[in-house]
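Each remark here refers to the structure printed beneath this line.
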Amino acid sequence: MLALFKNTWRKTDEYKKLIRLYQIILLILLGFIFLQHEHLNSALTSQRIYVTPTLETAGGFTQANHISDELLFGFAFKTFTEINTWRGGEDVEEYKRQIEANRYFLTPAYYEQLTADFSKKKMLGELARLRVLSGYHGEDFQGMDIKPLGPNAWEVDLTLRLEERVGDTAVKDVLIRYPIKVVRSTLTPELNPYGLAIDGYVREPERVNTLI
């Protein structure tokens, strides 16, 4: 009988040791899974998806951290024309409001440059003019309009129509090619969903044609 008890105790001890071993293995596996989960979360939060304006251009596929030429062109066109269009008249602060509304889409250096330009135009009385900067028929996006300047910078060439009026009188109507410098933005997606910012001109804009 005593031998039977000893044999039972021995088997119980072996079962306990086996259970402890399983517990240790389980803890190790859980720790490994937790570390992999944290690593995956970290990888996902550090990547950004840039969606092209028309998915057909990429067949409906895109890659993390890849910026398409179409997105660069669309961003530069929208931001630049919006800043440089105002109604004029007695409201001479609209240009300043446009700059502020697009502040997070500008580099700090270019923001300061535009703020100084606003003060200069206000002093010269140019903000009383109605000013419209827009696209021009036949000057749509072309692949050659985008030129890489480095791993995180591009030249985006925009050929735009600049019209200015004082009352009913047209004082300017010209086509200008603007070589816009666009760079990656380090701001959060909440502040800058594009992940891009305008950093001024690559060189001085060039007048292409005078329409009046």
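Here are the numbers:
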| item | result |
| --- | --- |
| Entries of Lys78/Lys147; Lys122/Lys181; Lys121/Lys172; Lys78/Lys181; Lys78/Lys122 with Cα pairs more than 22 Å apart | Lys122/Lys181; Lys78/Lys122 |
| C-alpha center-to-center spacing [the stretch 119-140, the stretch 144-212] in angstrom | 13 |
| Virtual spin-label span in nm between Glu112 and Glu100, 7 Å along Cα→Cβ | 2.0 |
| The stretch 67-210, relative contact order in percent, only Cα pairs under 8 angstrom and at least six apart counted | 23 |
| Gain on full stretching of the segment that runs from Met144 to Arg87 - 0.36 nm per residue minus C-alpha separation | 17.3 nm |
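Laboratory data are not the source of any read-out in this text; all were calculated from the coordinates shown. Since the structure is predicted, the reported quantities are computational estimates derived from the model, not experimental observations. Here Cβ is always computed from backbone atoms with ideal geometry, including for glycine, and neighbour counts include all displayed protein chains.
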